[in-house]
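Okay, so here's the structure we're looking at.
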């Protein structure tokens, strides 16, 4: 690094240190590529041709990645691609990434780079999800900050990838063309500004593309979870074609720096959009700012399992939908992030997806033709909604299927025992008695032959044709008990399995039924009758006594309607509330380390 460049960087960093308010943009991380070697505290090499799992790196590329093709000197990262046979590859190059060493969700990410020239050379700086939260590529997303084609040196591409499993994957982006000169003759600055609900691309400060959730045509927007950075120089492949006689034997991608700036508006709390009522062990997290402290504020009824004071927490949820918040403090200033989390079902039989404004059933892939946001084919008293999902079954596939993913079904045991029941509304042209099966699966294990990975199978049968009806799924098989009940990451729906059916199926209003129900009204029948937990007197006037064999975590008083009168961490706090409580019938929720008990309580 030259003296001039070093001091420019220092001044930039100082300019972004917040003095009074943490609402300003701050330098989160940077690599200026000083010294004479790669900083492996942040980067790791990826070696080889992608085989056996992703030969040709998924794009029929020609190179094998090797450490020898990367060097750091004079303040630059340089990756050289060279025509050289190694194994089944005809070129060598290099590729590095920051996975599990530097992960981030949002920010202004800036790269200054000079691209190589020559047909078939493919430089890229891009980002992949650190955890495939929504499923394998591209369901969990991909962000391409810059991509070049060596044969088109005046252009760069900014793109996001999303949608269904390949080959039904989707992408969206724009091409930027330099008004003069090309990207191979000099360095240029490439930037994205990534916020929770938008991504914008810039070249030399010029905006050329914007994408938001509305641009995805109903598909899931996966860009609210941690990603990591990748820098590589590929050769050949599907994106740009292979080298020809005009291609030089070597080409070099040069990167001057990569910098990540972050501000509150860039930030998001990563984690599930929806949870089951009283669900345990759900993880929420934010980016880690050096020198920051984290104060998590949980909603009523939720409890902290681990992570207090850190960027990541594990939470046991409570009864209701509510906001989870974290206050991040740094240099004497702070700001608060908030995330709304749906706690479902809202009642004993609550909606979890209506195909319109409540979407927790995420479409992944299918062998037939699936459509989001289709107009309801025949509104009636059973289903009067405007939109639904439509599916044309593939008659050539005996076991035609639709893959779904949802935050609300992470395990199968509750469904196998009948404690939770999945329902949905169906309209179909298929004959009465048509079977619809729903497999609870672990996707990785299910790549092997049946029954591997297929933990359990639930079934419903139609009783109407060309009219809406609500179906309830009941367990009929448990093919693979070796698949852990808590490893379920996909639901596979098979309409008319083992047939050549070519009918159309419309799906809507997925719901979960809880048995026995834990809502306030049903709690009225419960009376205190065990030695582990004693609540007295009942009726109560001003002071309640509780004896418990297990430590009490919280107490919640609810009206019969289910409206909370307050959540209390101690009995003393509850008794203070009882002094001012109107006489009548209430419900008391007592949470201990081992259980949640619900009791009728009369206030005199």
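The values are calculated or read from the model by the stated rules, or taken from the named source; none is laboratory data. Since we're looking at a predicted model, the values are computed, not measured. We place every Cβ from the backbone using ideal geometry, glycine too, and count neighbours over all the protein chains shown.
Listed by first and then second residue, the pairs linking a residue in segment 185-206 that is not assigned by TED's automatic domain parsing to the domain that holds residue 219 to a residue that is assigned to a loop (DSSP other than H, G, I, E, B) and crowded, with 21+ Cβ neighbours inside 10 Å, with Cβ atoms under 6 Å apart and 6 or more places separating them unless they lie on different chains, form an empty list.
Can you go through 417, 379 and tell me which one is more than 27 Å from the chain's Cα centre (by Cα), free of Cβ contacts under 8 Å to residues at least 24 places away in the same chain and closer than 25 Å to residue 453 by Cα?
Answer to the selection: 417.
Taken over segment 245-270, the residue count meeting the criterion of being farther than 22 Å from residue 119 by Cβ and in a loop (DSSP other than H, G, I, E, B) is 4. Considering the conditions (1) without any contact (Cβ under 8 Å) to a residue 24 or more places away in the chain; (2) not in a loop (DSSP other than H, G, I, E, B), residue 167 is excluded by exactly one of them, (2).
Counting only strands (runs of 3 or more DSSP E) that sit completely within segment 283-368, those holding 3 or more residues that are loosely packed, with under 15 Cβ neighbours inside 10 Å correspond to 293-297, 303-306, 333-344.
Yes/no matrix, rows are residues, columns are (1) surrounded by 13 or more Cβ atoms within 10 Å (Cβ to Cβ); (2) assigned by TED's automatic domain parsing to the domain that holds residue 418; (3) modelled with pLDDT of 85 or more; (4) in contact with a strand residue (DSSP E or B) (Cβ under 8 Å, 6 or more places away or on another chain):
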site: 533; (1), (2), (3), (4): yes, no, no, yes
site: 568; (1), (2), (3), (4): yes, no, yes, yes
site: 576; (1), (2), (3), (4): yes, no, yes, no
site: 584; (1), (2), (3), (4): no, no, no, yes
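Residues of segment 489-502 that are under 22 Å from the mean Cα position of the chain (by Cα) and at pLDDT 95 or above: 491, 492, 493. For segment 61-70, the count of residues that are farther than 28 Å from residue 259 by Cα and surrounded by fewer than 18 Cβ atoms within 10 Å (Cβ to Cβ) is zero.
Checked against (1) assigned to a strand (DSSP E or B); (2) closer than 15 Å to residue 411 by Cα, residue 459 passes all but a single condition, namely (2).
Of the set (1) in a helix (DSSP H, G or I); (2) in contact (Cβ under 8 Å) with a residue 40 or more places away in the chain, all apply to residue 82 but (1). With respect to (1) in a strand (DSSP E or B); (2) surrounded by fewer than 17 Cβ atoms within 10 Å (Cβ to Cβ); (3) at pLDDT 90 or above, the lone exception for residue 547 is condition (3). Residue by residue through segment 472-491, note down the ones that are out of contact with any helix residue (DSSP H, G or I) (no Cβ under 8 Å at 6 or more places or on another chain) and part of a strand (DSSP E or B). Scanning segment 472-491 gives 472, 474, 476, 477, 491.
When the criteria are applied in full, residue 219 meets the requirement of being in contact with a strand residue (DSSP E or B) (Cβ under 9 Å, 6 or more places away or on another chain) and under 30 Å from residue 362 (Cβ atoms). Scanning segment 33-79 for residues that are out of contact with any strand residue (DSSP E or B) (no Cβ under 6 Å at 6 or more places or on another chain) and assigned to a helix (DSSP H, G or I) yields 55, 56, 57, 58, 68. Residue 427 meets each of the listed conditions (1) within 19 Å of residue 366 (Cα to Cα); (2) more than 24 Å from the chain's Cα centre (by Cα); (3) in a loop (DSSP other than H, G, I, E, B) apart from (3). Among the residues of segment 189-198, is there at least one that is touching a strand residue (DSSP E or B) at 6+ places or on another chain (Cβ under 8 Å) and exposed (fewer than 13 other Cβ atoms within 10 Å of the Cβ)? No, segment 189-198 has no match at all.
Scanning segment 574-589 turns up one or more residues that are part of a strand (DSSP E or B) and within 21 Å of residue 315 (Cβ to Cβ).
For segment 88-123, the tally of residues that are modelled with pLDDT of 95 or more, farther than 19 Å from residue 64 by Cα, assigned to a loop (DSSP other than H, G, I, E, B) and within 32 Å of the chain's Cα centre (by Cα) stands at 2.
If you go through segment 41-57 and pick out every residue that is touching a residue at least 40 places away in the same chain (Cβ under 8 Å) and either closer than 23 Å to residue 136 by Cα or not assigned by TED's automatic domain parsing to the domain that holds residue 96 (or both), you end up with 7.
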